[in-house]
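Nothing in this text is a laboratory measurement; each read-out follows from the coordinates by a stated rule. Just so it is clear, the structure is predicted and the values come from calculations on it, not from any experiment. Using ideal geometry, Cβ is built from the backbone for each residue, glycine included, and neighbour counts are taken over all protein chains shown.
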Amino acid sequence: QVQLVESGGGLVQAGGSLRLSCVVSGTTIGIWPMGWFRQAPGKQRELVARDAGGSTTNYADSVNGRFIISRDIAKNTVYLQMNSLKPEDTAVYSCNFQRRLTNYWGQGTQVTVSS
C-alpha cells in the first residue's frame, strides 16, 4: 500500500523559510512525477510545484523564485524548500505522487505565515 506522509509545516513569520518533506512508502519514487499542492480556506486546491521526473520542474507563478522542489531517491522523499514566505502562502500543503495512471496523496501539513 502506497502511503505519503508530509511533515515540516508550522507557523512562521513573513520573510521566513520552511522545508516540507514527503516520505513515500510502499513503492519507490524513482523518477515518477511528484508535486506539491496547497489549499487555502475557501479556495480551490492549486499546484505549487511539480517535478515531472528527470530535470523538469514547474512552479506556480506566485512561488517561482521562492520555492524549490527536490527529491532524494535514496530516502524516497520529496522536499519543498519555501523561502521568503508571505501571508498569502498560508494553506494546507499536500504531496502528490503519480505512478502510471494513479495519483496518491498525503494527508497534508499546515503552513501558516504571520504578517
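For the range 104-109, 3J(HN,Hα) computed residue by residue from phi via the Karplus equation (6.51, -1.76, 1.60; θ = phi - 60°) reads 10, 10, x, 7, x, 9 Hz, glycine and proline entered as x.
Shown here for the range 21-59: trypsin sites (Lys or Arg not before Pro) in loop regions (DSSP other than H, G, I, E, B) with at most 15 other Cβ atoms within 10 Å, namely Lys43, Arg45. Please give me the summed charge of the neighbours of Cys22: other residues whose Cβ is under 12 Å from its Cβ, Lys and Arg +1, Asp and Glu -1. Neighbour charge sum, excluding Cys22 itself: 0.
Shape summary of the chain, radius of gyration then Dmax from alpha carbon positions: 13.3, 41 Å. Amide H contacts of Gly106: Cys95, each under 5 Å away and 5 or more positions distant or on a separate chain (H built 1.01 Å from N in the peptide plane; Pro and chain starts excluded).
Each Lys and Arg Cβ is given +1 and each Asp and Glu Cβ -1; about its Cα centre, the chain then shows a dipole of about 160 debye. Under 5 Å between amide hydrogens, built in the peptide plane, is the criterion, and for Val48 it picks out Trp36, Phe37, Arg38 among residues at least 5 positions away or on other chains.
Using the Karplus relation 6.51 cos²θ - 1.76 cosθ + 1.60 with θ = phi - 60°, the per-residue 3J(HN,Hα) values for the range 88-100 come to 6, 7, 4, 4, 8, 9, 10, 9, 10, 10, 10, 10, 6 Hz, with x marking Gly and Pro. Sequentially through the range 75-83, phi angles give Karplus couplings (6.51, -1.76, 1.60; θ = phi - 60°) of 9, 6, 9, 10, 10, 9, 8, 10, 10 Hz, Gly and Pro residues having no value and appearing as x.
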